[in-house]
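**Student:** Dumping the structure here so I can ask a few things about it.
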Amino acid sequence: MTDTSKCTFVTSECPVEATTYGYRPNLGANLFFAILYGLCGLYSLIIGIKSRQWTFTIALAGCSFIELAGYIGRILMQSNPWTEGGFDVQLVCLIVAPSFIAAGIYWSLKHIVLYLGPEKSRLPPRFYPRIFIGCDIASILIQFAGGGIAVSASATKTKKLDAGNNLMIAGIAFQVATMGICGLLGIDFAFRLYRQGRSSRFEEKRSKKEALLFNLFCAGEIFAYITVLIRCIYRLPEMAEGWANSLMRNEVEFMVLDGMMVALAVVTLTIFHPYFTCPFVRK
């Protein structure tokens, strides 16, 4: 069997099929996502500065720009599937970026609870961002550490590669668990709200237009939550099966279950940005 540990370009001895992904990333699809994330990131940054909603801005713009960097890495891999720089950038960025969206959702849940009736939440509203964004940061750090170890290992250092891979899996698993607990609390709050009714503050102080916009904001948050959760669940078996496994080498599934899911979340939160749907939110 030919040793490909020193391959830097595609040749007869270093075929595309021998790379980790086993394919050249589709230029059109990856360029589409790169442009989409770039535009969303720039728009989110402008609106965030204007609205001074710093936490949500860091979450949404941060995810967009990190995803942009990841897809630039994949575009570089299209021209040269053996490029270590492109592979390393896309690996770390596309693993970590959705954690920023999750942080934005946790921040939003605080304001949803405050708006609809904080007395009906089992967890005081101020603790939603403190606890869950804290867990999200821990998840990001674990994934960064795993990605750093993985990209610093050569193809022959399998133990180091496996250690980095296991850390990334642990970070994603922790993120899934965090989102799951947050989702359960959200469902519990919605159920209690349904049984007991909205707070008088909601009924008295908000106009019909504000209530409609806020409902759209909530719908967008729920949709984004579902799409990010789908992406995280997909990533677990993709990483758990080891490098160059069949799932990792299927670009169509990656584009649908990772690229499209995160893109839908980013676009949805950009359209239903709290600056437009929650004008009373300023923190």
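**Student:** Please specify each residue of region 114-129 satisfying the condition of being under 18 Å from G180 (Cβ atoms) and either in a helix (DSSP H, G or I) or of a type in the set (V, I, T) (or both).
**Tutor:** Across region 114-129, the qualifying residues are F127, Y128, P129.
**Student:** Further, regarding this structure: Considering only residues of region 114-150 that are out of contact with any helix residue (DSSP H, G or I) (no Cβ under 6 Å at 6 or more places or on another chain) and of a type in the set (V, I, T), which is surrounded by the most Cβ atoms within 10 Å (Cβ to Cβ)?
**Tutor:** Step by step, filter region 114-150, then rank; the result is I131.
**Student:** Which one is surrounded by the fewest Cβ atoms within 10 Å (Cβ to Cβ), of the residues in region 233-254 that are under 16 Å from N165 (Cα atoms) and among the hydrophobic types (A, V, I, L, M, F, W, C)?
**Tutor:** Step by step, filter region 233-254, then rank; the result is A244.
**Student:** Also, I was wondering about something else. With respect to Y21, is the statement that it is at pLDDT below 95, buried (at least 18 other Cβ atoms within 10 Å of the Cβ) and outside any helix (DSSP H, G or I) true?
**Tutor:** Judged against the criteria, Y21 is a match.
**Student:** Consider only pairs whose beta carbons are under 7 Å apart and that are at least six residues apart or on different chains; among these, list those whose first residue lies in region 236-248 and is touching a residue at least 60 places away in the same chain (Cβ under 8 Å) and whose second residue is surrounded by 15 or more Cβ atoms within 10 Å (Cβ to Cβ) and among the aromatic types (F, W, Y).
**Tutor:** M248/Y21
The values are calculated or read from the model by the stated rules, or taken from the named source; none is laboratory data. Note that the coordinates shown come from a computational prediction; the quantities given were computed from them, not determined experimentally. For neighbour counting, all protein chains shown are included, and Cβ atoms are generated from backbone atoms with ideal geometry for every residue, glycine included.
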